[in-house]
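Heads up, the thing below is written out as structure tokens.
The values are calculated or read from the model by the stated rules, or taken from the named source; none is laboratory data. Computed from a predicted structure; not experimentally measured. Every residue, glycine as well, gets a Cβ built from its backbone with ideal geometry; the counts of neighbours run over all protein chains shown. Quick note on the areas: whole protein, heavy atoms, side chains included, nothing else; ligands and nucleic acids left out. Shrake-Rupley method; radii C 1.70, N 1.55, O 1.52, S 1.80 Å.
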Amino acid sequence: MRKLRKASSILLCLTVSASLLAACGANGDGDSSSAAGSAAEGVKKEGFPIVDKPLTLKVMSQDAGVADWNKMPVLQEMEKLTGIHLEYQLSPIDSFETKKNLVFASGDLPDVFYAADLKPAEQVTYGSQGVLIPLEKYIDEGYAPNIKKIFDEHPDIRKSFTTPDGHIYALPNVDLSAVWYRSPMWYNGKFLKALNVTELPKSTDELYTLLKRFKDEDPNGNGKKDEIPLTSVKLDDLRMYFLGFWGIYDEVIYADKDGKVHYTPQEEGYKGYLTFMNKLWKEDLLDHETFSQTPDQKKAKGQNNQIGLFNDYYPYFTLGGEPSSDNPLMTPVASEIPGTPVYGKHPGISANGTFAITSKDSNPEATMRWIDYQYSYDGATLFSQGPENTLWKYKDKETHEKEWLPVPGGGDREEYRGTLTPNYGILAPGMNSAELTKGLKSDFDRFIDKENEEKLTPIGKTPFPNVYLTNEEQTEATALLSDLNTYVQQMEAKFVTGQEPLANWDKYVAQIKKMGGDRIAELYQGAYDRWNTGK
């Protein structure tokens, strides 16, 4: 859990474009003076409080379980600022999906879904049924000026959350500066130092050679052949990173430079990936416990200094120790395919919806004003870092430069933050930007920025966009992918371990096509074409 919490917060430590920052801070939402009225009686379009009379909203969300939301300073401050009181219907992160489905099925709805991970299919289904209400009216009529400015300056964000019926039923988390879409790959710096490696591999052949050296030359210096050159957990952690070596930047669906959509598991680049992984397996360069071990077992090997190359959000999560620049980010390597490598970078928005208003909400105008604050600089700062003068203070408020304060009572800063704000361990609505952490970055943060800038950003490709299928298309795709995903996962393991010879690739592709691989590409081609034309 601790890893998840830290991973969710690091998005704040990346660099944002000036246009997004302007979008999020330009409306003066921090001004508490009274302002113009609105079409909705008793709801202000500007200034605070939002409502003339106290308003209560029922909010359903997932909870990391660190603190009582009723006592969180961030939410208490929001109630004082806005005049809106919240009643919470919370579920632990691990059981939230089940609880959400039960709520939709029963019709016993909250007013608001917060950090709800609403999938595109859920948005289409429950939006078309009238369970979730369209939000674009309230955005365009002035109840969400921060969100509207982001949408106006970045129209791809708006169309990526507009369903086939022309409505927006959910809002994303926005971070146009983010680089990592999945956690990246890292080298064990101690191994590199022991082998006097000064230049990292740039091709699959060079990578193979280095992994062989990890296996044969005792880089952990214990006199035993216990080094594991490359480890994984079911390949889920490294698959997307490695597919980029063969020009593929998404695990399921991607579009080429000509706009043609492909189903990844039946493409030649995917065969190249399988062939390389099988070679590593046969020569004991890929951990033979890859398909059976847990993340904790992988971590134990890392802390025992046995692993050479691995995936994690940060290297010290696996290797132990403190944050440092000793363990370099893996440079993606080129294969025999021209134009490689590529890297599937973060799309700038969450793939699923983080916020929605239901038909039970009697005051959606006020609700939109409430959530819009989190898309402003002041609101994003409050929800991400807590109130001023608790964990941080301004060095220069005009330039937004901050400095850390000692953690009250000592202890871990990140864990204490979880007692201040609900945005802890969950992907919540709002925006992230480097401006939020101006003056707060550590040497390690700056090391990460430099690694990203040199190794990933130049070859980054935005993954397949957030497109919507119609209800009928979604029903068909869900049924096809249910069987395809199972088959692909099984065959990946068999091809990599040699249980299924790669000589049977054509037979495998024929089976994929028989099960609907081409049809999946066709369905998403239609959705992609609609997305491109804004229809």
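Just a few scattered comments:
A quick yes/no check of all residues on (1) out of contact with any His (no Cβ under 7 Å at 6 or more places or on another chain); (2) closer than 25 Å to Gly460 by Cβ:
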{"position": "Ile147", "(1), (2)": "yes, no"}
{"position": "Ile157", "(1), (2)": "yes, yes"}
{"position": "Pro172", "(1), (2)": "yes, yes"}
{"position": "Ala178", "(1), (2)": "no, yes"}
{"position": "Pro201", "(1), (2)": "yes, yes"}
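- In segment 303-336, residue least open to solvent (accessible area, probe 1.4 Å) [restricted to those that are closer than 15 Å to Leu192 by Cβ and in a helix (DSSP H, G or I)]: Pro315
- Test result for Ala144, open to solvent by less than 20 Å² (accessible area, probe 1.4 Å) and in contact (Cβ under 8 Å) with a residue 60 or more places away in the chain: yes
- Odd one out for Thr399, checked against (1) more than 24 Å from the chain's Cα centre (by Cα); (2) among the β-branched types (Val, Ile, Thr); (3) open to solvent by less than 40 Å² (accessible area, probe 1.4 Å); (4) farther than 27 Å from Ala40 by Cα: (3)
- Any hit, segment 455-474, residues being among the aromatic types (Phe, Trp, Tyr), farther than 18 Å from Lys345 by Cα and open to solvent by 30 Å² or more (accessible area, probe 1.4 Å): no
- Listing of helices (runs of 4 or more DSSP H) fully contained in segment 458-535 that carry 1 or more residues being under 23 Å from Gln129 (Cβ atoms) and modelled with pLDDT under 95: 471-497, 517-533
- Selection status of Glu268, open to solvent by 30 Å² or more (accessible area, probe 1.4 Å) and under 30 Å from the mean Cα position of the chain (by Cα): yes
- Selection of segment 420-446 for residues being of a type in the set (Phe, Trp, Tyr) and either under 19 Å from the mean Cα position of the chain (by Cα) or closer than 17 Å to Ala178 by Cβ (or both) yields only Tyr424.
- Conditions (1) open to solvent by 20 Å² or more (accessible area, probe 1.4 Å); (2) touching a residue at least 24 places away in the same chain (Cβ under 8 Å); (3) farther than 30 Å from Glu41 by Cβ; (4) outside any loop (DSSP other than H, G, I, E, B): number failed by Glu365: (3)
- From Pro429, Pro422, Pro406, residue being surrounded by 15 or more Cβ atoms within 10 Å (Cβ to Cβ) and out of contact with any Gly (no Cβ under 9 Å at 6 or more places or on another chain): Pro422
- With a requirement of 1 or more residues that are touching a Cys at 6+ places or on another chain (Cβ under 9 Å), the helices (runs of 4 or more DSSP H) lying completely within segment 55-161 that satisfy it span 145-153.
- Residues (under 30 Å from Thr204 (Cα atoms) and part of a loop (DSSP other than H, G, I, E, B)) located in segment 337-362: Ile337, Pro338, Gly339, Thr340, Pro341, Val342, Lys345, His346, Pro347, Gly348
- Considering residues of segment 194-217 that are charged (D, E, K, R) and in contact (Cβ under 8 Å) with a residue 24 or more places away in the chain only, the residue surrounded by the most Cβ atoms within 10 Å (Cβ to Cβ): Lys215
- Of the residues in segment 295-302, none is hydrophobic (A, V, I, L, M, F, W, C) and buried (at least 22 other Cβ atoms within 10 Å of the Cβ).
- Within segment 96-115, residues that are closer than 20 Å to Pro172 by Cα reach partners that are open to solvent by less than 10 Å² (accessible area, probe 1.4 Å) and part of a loop (DSSP other than H, G, I, E, B) with beta carbons closer than 9 Å, at six or more positions or on different chains, in the pairs Phe113/Ala170; Tyr114/Pro422; Tyr114/Ala428; Tyr114/Pro429; Ala115/Pro422; Ala115/Ala428; Ala115/Pro429.
- Listed conditions (1) of a type outside the set (A, V, I, L, M); (2) within 23 Å of the chain's Cα centre (by Cα); (3) crowded, with 22+ Cβ neighbours inside 10 Å are all met by Tyr138, apart from (2).
- Yes/no for Tyr249 being buried (at least 20 other Cβ atoms within 10 Å of the Cβ) and out of contact with any Ser or Thr (no Cβ under 6 Å at 6 or more places or on another chain): yes
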